[in-house]
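Student: Pasting in a structure now, in structure tokens, and then I'll have a few things to ask.
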Amino acid sequence: MESNPAFYKSIAQQIEDVINEYKAKRLSEEEKLAKAKQLKDLITGIAKPNPDKYPKEFENKKTLLAIYDNLSDILGDLEVVDFEVIVTNLTLKFDEIYAEASKKPEWHKNRDVENEITSAMEDILWDTEDEYGIRVENKEKIYQTIRGIGISFYG
């Protein structure tokens, strides 16, 4: 996954867990190596992430997977019944914003285009807050993270 901070954060946590379990003698040498191979396969793309984790329409779309992973991570503290629906809708809308913006020449270096993207994302987040009666924290982190993903995949 080219630019997916949440994916790499998850991998780092899983590596740390394997090391800790091994040190605590809860894993044998063989189990430790098997888990390390699974993680290597995920990192190199040989193995695919758990498909049940994502909406079906995201299948084989790395950009959507990356946006979804990171929004899930950033918005993880939201206590709302429709969490997956909210993250799915935001993912699709944010991806659409970047897909459209990327049609402009040198879009990722243009401050006006960046401001248009941020403004569109703000509007979507405000609409989501109103629709679900929630408060989205860390909006700046969302803009920065999704921008990095957008540039990585569309730039």
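Student: Are any residues in the range 143-155 crowded, with 16+ Cβ neighbours inside 10 Å and either at pLDDT 95 or above or within 16 Å of residue 69 (Cα to Cα) (or both), and if so, which ones?
Tutor: 143, 145, 146, 147, 148, 149, 150, 152, 153
Student: Quick one: count up the residues across the range 1-26 that are over 18 Å from residue 149 (Cα atoms) and without any contact (Cβ under 8 Å) to a residue 24 or more places away in the chain.
Tutor: 13
Student: So which residues in the range 21-46 are within 18 Å of residue 65 (Cβ to Cβ) and either in contact with a Phe, Trp or Tyr (Cβ under 7 Å, 6 or more places away or on another chain) or assigned to a loop (DSSP other than H, G, I, E, B) (or both), if there are any at all?
Tutor: 45, 46 - these are the residues of the range 21-46 that are within 18 Å of residue 65 (Cβ to Cβ) and either in contact with a Phe, Trp or Tyr (Cβ under 7 Å, 6 or more places away or on another chain) or assigned to a loop (DSSP other than H, G, I, E, B) (or both).
Student: Still on this structure: Which members of the range 141-155 meet the condition of being in a helix (DSSP H, G or I) and more than 15 Å from residue 86 (Cβ to Cβ)?
Tutor: Within the range 141-155, 141, 143, 144, 145, 147, 148, 149, 150, 151, 152, 153, 154 meet the criteria.
Student: From the list 79, 140, 84, pick out the single residue that is surrounded by fewer than 13 Cβ atoms within 10 Å (Cβ to Cβ) and under 25 Å from residue 56 (Cα atoms).
Tutor: 79
Student: Taking the conditions exactly as written (among the aromatic types (Phe, Trp, Tyr), under 20 Å from residue 79 (Cα atoms) and either in contact (Cβ under 8 Å) with a residue 24 or more places away in the chain or in contact with a Pro (Cβ under 9 Å, 6 or more places away or on another chain) (or both)), does residue 98 satisfy them or not?
Tutor: Taking the combined requirement at face value, the residue does not satisfy it.
Student: Mind listing whichever residues of the range 109-140 are among the β-branched types (Val, Ile, Thr) and in a helix (DSSP H, G or I)?
Tutor: 113, 117, 118, 124, 128
Student: Looking at (1) basic (Lys, Arg); (2) assigned to a loop (DSSP other than H, G, I, E, B); (3) modelled with pLDDT of 85 or more, which is the one condition that is false for residue 93?
Tutor: Every condition holds for residue 93 apart from (2).
The values are calculated or read from the model by the stated rules, or taken from the named source; none is laboratory data. Values in this document were obtained by computation on a predicted structure and should not be read as measured data. Note that we place each Cβ from the backbone using ideal geometry, even for glycine, and neighbour counts take in every protein chain shown.
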